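Asker: Below: one structure in structure tokens.
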Amino acid sequence: MTAAILCLIANVPPVPFGPAGVPTITTAKVSELALAPLAKAVGREMLVFSLIIPVFMLVVMVGWKKTKEVLPAALVAGGSFGIIYLLVSNYIGAELPSILGGIGSLVVLIGFLRVWQPKTIWKFDYDEEEGTTEVVGNPTTVQAAAQAHSSKEVFLAWAPFLTIMIVMYIWSSAPFKDFVARNNLFINIEEWPGLHGIVYRTAPIVPEPTLYAASYKFDYLAAAGTALFISAIISVFILKLNASTAAKVFVKTLKQLKYSLITMASVIGLAYVANYSGMSYSYGLAFAATGSLFIIFSPVIGGLGTFLTGSVTSSGSLFGKLQVVTAEQIGVNPILTVSAQILGACMGKLISPQSIVVASAPTGLVGKESDILRSTIKYFLMLLVMVIVVVLFIAYVTPGIIPPVEYVQ
């Protein structure tokens, strides 16, 4: 149970830029916001929670008294992750913050623990005594029986992750994007048949009646999914897998993800239906009646969206445009409300049935999902309140942290 809860909590900071940045990228696209300022805002806001989450996890596991003994290590782990996360999201793009932040944090923490160690090595009550040592007084290194691995084995184990980082860095670089644009390596349908030229937006959404353009751009080369697929192919050669094994893994992966892929595509399609039918705008105008209180509702809507759909990406797809419309009506920077939606949606992973089912399987808790939910709902509420406090502080004290809004049609 403890392992399942800790994994759900630890999953919070990486989620916005999780699978190659898809949650933030999709939310920006559906909301018609430029990706760069939204990614910058999320990276800046999540810095706070990068520091909070490691400490929060320890408190959940051992209580505050024992947490204080390893507080320096927790702050180093969270701080290093948050700083790398911030720099990558602000200066490279939305594809790599979670990957580079996670690996960088591991390296920094290992280095820190070489020069600092806690006075007490904490163990669960059911840990085997043999091979473990509790140290009181001067810090010493606890030696555990472990199989030695050669440098080649270690390299091969890390090779897929290193490959992803290198390929994703190339894909997110300006020269590569310029190369794609210069050579028209994409499919652009400027006027989608049967929809373009039919829908108009009027006041109070826009000052004058304006055509709601319906276009579609298929970035078959520049898409993050293409970069991941190429990384997988490169990894096949590095690991020297034969073609049949690679094909079997690919087919098995497709089967494992088939329902998730169908759900994701369906939710994104529903989001566009909501936008072009006027539903998102209608909801936005209704929420505008809450005035300045909507800043509080923004992360709450995100959290509920993840609870309902099981995905931060789906939550952003469904409610991202609502956040934009409402923010425009109440005179708030839409980047703030949409980034608050993403943060709230991340906290919603703690109570998402889909996430809880995933956490229950490897921990042997299948059938006890309701027990996990009862344990995580209080942590969800605590973290959601923290998000609201951070968003309110930014809105009324440090609004300059949020980049100016940019729109993309």
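Asker: Kindly list, by first and then second residue, each pair from a residue in the stretch 153-172 that is of a type in the set (A, V, I, L, M, F, W, C) to a residue that is surrounded by fewer than 14 Cβ atoms within 10 Å (Cβ to Cβ) and modelled with pLDDT under 85, limited to pairs with Cβ atoms under 9 Å and residues at least 6 apart or on different chains.
Answerer: Ala157/His149
Asker: Any idea which of (1) β-branched (Val, Ile, Thr); (2) surrounded by 11 or more Cβ atoms within 10 Å (Cβ to Cβ); (3) free of Cβ contacts under 8 Å to residues at least 40 places away in the same chain is the one Val180 doesn't satisfy?
Answerer: All conditions are met except number (3).
Asker: Filter the stretch 179-237 down to the residues that are in contact with a strand residue (DSSP E or B) (Cβ under 6 Å, 6 or more places away or on another chain), within 30 Å of Pro160 (Cβ to Cβ) and β-branched (Val, Ile, Thr) and list them by number.
Answerer: If the condition is that a residue be in contact with a strand residue (DSSP E or B) (Cβ under 6 Å, 6 or more places away or on another chain), within 30 Å of Pro160 (Cβ to Cβ) and β-branched (Val, Ile, Thr), then Ile187 is the only one that fits.
Each row is one residue, and each column tells you yes or no for (1) of a type in the set (Gly, Ala, Ser); (2) crowded, with 24+ Cβ neighbours inside 10 Å; (3) touching a residue at least 40 places away in the same chain (Cβ under 8 Å).
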residue	(1), (2), (3)
Val300	no, no, yes
Ser314	yes, yes, yes
Phe319	no, yes, no
Ile335	no, yes, yes
Ser339	yes, yes, yes
Leu350	no, yes, yes
Ile372	no, no, yes
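Asker: Does Phe81 count as under 22 Å from the mean Cα position of the chain (by Cα), farther than 19 Å from Pro403 by Cβ and at pLDDT 90 or above?
Answerer: So Phe81 passes the test.
Asker: Continuing with this model, one more query. Given the criteria modelled with pLDDT of 85 or more, β-branched (Val, Ile, Thr) and touching a Lys or Arg at 6+ places or on another chain (Cβ under 9 Å), does Ile187 qualify?
Answerer: yes
Asker: Could you please let me know if Ala148 is hydrophobic (A, V, I, L, M, F, W, C) and either over 30 Å from Ile25 (Cα atoms) or modelled with pLDDT of 95 or more (or both)?
Answerer: When the stated conditions are applied, Ala148 passes them.
Asker: Of all residues in the stretch 353-405, which are among the polar types (S, T, N, Q) and within 20 Å of Val338 (Cα to Cα)?
Answerer: Correct list: Thr398 only.
Asker: Let me ask something additional. Here are the criteria: (1) within 23 Å of Met168 (Cα to Cα); (2) surrounded by 14 or more Cβ atoms within 10 Å (Cβ to Cβ); (3) out of contact with any Pro (no Cβ under 6 Å at 6 or more places or on another chain). Tell me which single one Leu261 does not satisfy.
Answerer: Leu261 satisfies all of (1) within 23 Å of Met168 (Cα to Cα); (2) surrounded by 14 or more Cβ atoms within 10 Å (Cβ to Cβ); (3) out of contact with any Pro (no Cβ under 6 Å at 6 or more places or on another chain) except (2).
Asker: I'm trying to understand the selection: among the residues of the stretch 84-95, which are farther than 17 Å from Ile402 by Cα and either part of a helix (DSSP H, G or I) or among the aliphatic types (A, V, I, L, M) (or both)?
Answerer: Ile84, Ile92
Asker: Touching a Gly at 6+ places or on another chain (Cβ under 9 Å), at pLDDT 90 or above and surrounded by fewer than 24 Cβ atoms within 10 Å (Cβ to Cβ): is that true of Phe49 in this structure?
Answerer: For Phe49, the condition - touching a Gly at 6+ places or on another chain (Cβ under 9 Å), at pLDDT 90 or above and surrounded by fewer than 24 Cβ atoms within 10 Å (Cβ to Cβ) - is met.
Asker: Here's another thing I want to ask about it. Quick test of your reading of the structure: Ile84 fulfils all but one of (1) buried (at least 22 other Cβ atoms within 10 Å of the Cβ); (2) in contact (Cβ under 8 Å) with a residue 24 or more places away in the chain; (3) at negative phi. Name the failing condition by number.
Answerer: Tallying (1) buried (at least 22 other Cβ atoms within 10 Å of the Cβ); (2) in contact (Cβ under 8 Å) with a residue 24 or more places away in the chain; (3) at negative phi, Ile84 fails exactly one: (2).
Asker: Continuing with the same structure: Which residue out of Tyr259, Tyr272, Tyr281, Tyr276 is modelled with pLDDT under 90, part of a helix (DSSP H, G or I) and in contact with a strand residue (DSSP E or B) (Cβ under 8 Å, 6 or more places away or on another chain)?
Answerer: So the residue among Tyr259, Tyr272, Tyr281, Tyr276 that is modelled with pLDDT under 90, part of a helix (DSSP H, G or I) and in contact with a strand residue (DSSP E or B) (Cβ under 8 Å, 6 or more places away or on another chain) is Tyr281.
Asker: Step by step: first the residues of the stretch 156-206, then only those that are under 27 Å from Ser235 (Cα atoms) and polar (S, T, N, Q), then the one that is nearest to the chain's Cα centre (by Cα). Which residue is that?
Answerer: Filtering the stretch 156-206 for residues that are under 27 Å from Ser235 (Cα atoms) and polar (S, T, N, Q), the one nearest to the chain's Cα centre (by Cα) comes out as Ser172.
Asker: For Ile99, all conditions in the list (1) crowded, with 21+ Cβ neighbours inside 10 Å; (2) over 26 Å from Ala227 (Cβ atoms); (3) of a type in the set (Val, Ile, Thr) hold save one; what is the number of the exception?
Answerer: (2)
Asker: So, restricting to helices (runs of 4 or more DSSP H) that lie completely within the stretch 297-376, which ones have at least 2 residues that are in contact with a Gly (Cβ under 9 Å, 6 or more places away or on another chain) and modelled with pLDDT of 90 or more?
Answerer: 312-330, 334-347
Asker: Go through the stretch 200-217 and give me each residue that's in a strand (DSSP E or B) and without any contact (Cβ under 8 Å) to a residue 60 or more places away in the chain.
Answerer: Tyr200, Thr210, Leu211, Tyr216, Lys217
Asker: Additional query: Before we move on, is Phe250 of a type outside the set (Ser, Thr, Tyr), surrounded by fewer than 16 Cβ atoms within 10 Å (Cβ to Cβ), at pLDDT 90 or above and within 28 Å of the chain's Cα centre (by Cα)?
Answerer: Spelling it out, Phe250 is indeed of a type outside the set (Ser, Thr, Tyr), surrounded by fewer than 16 Cβ atoms within 10 Å (Cβ to Cβ), at pLDDT 90 or above and within 28 Å of the chain's Cα centre (by Cα).
Asker: Further question on the same structure: Please state which one of Gly331, Gly400 is free of Cβ contacts under 8 Å to residues at least 24 places away in the same chain, at positive phi and over 20 Å from the mean Cα position of the chain (by Cα).
Answerer: Sole residue among the options that is free of Cβ contacts under 8 Å to residues at least 24 places away in the same chain, at positive phi and over 20 Å from the mean Cα position of the chain (by Cα): Gly331.
Asker: All but one of (1) surrounded by 11 or more Cβ atoms within 10 Å (Cβ to Cβ); (2) free of Cβ contacts under 8 Å to residues at least 24 places away in the same chain; (3) within 20 Å of Pro19 (Cβ to Cβ) hold for Thr245; state the number of the condition that does not hold.
Answerer: The single condition Thr245 does not satisfy is (3).
The values are calculated or read from the model by the stated rules, or taken from the named source; none is laboratory data. All of these numbers come straight from a predicted model, not from anything done at the bench. Heads up, the Cβs are rebuilt from the backbone with ideal geometry, glycines too, and the neighbour counts pull from every protein chain shown.
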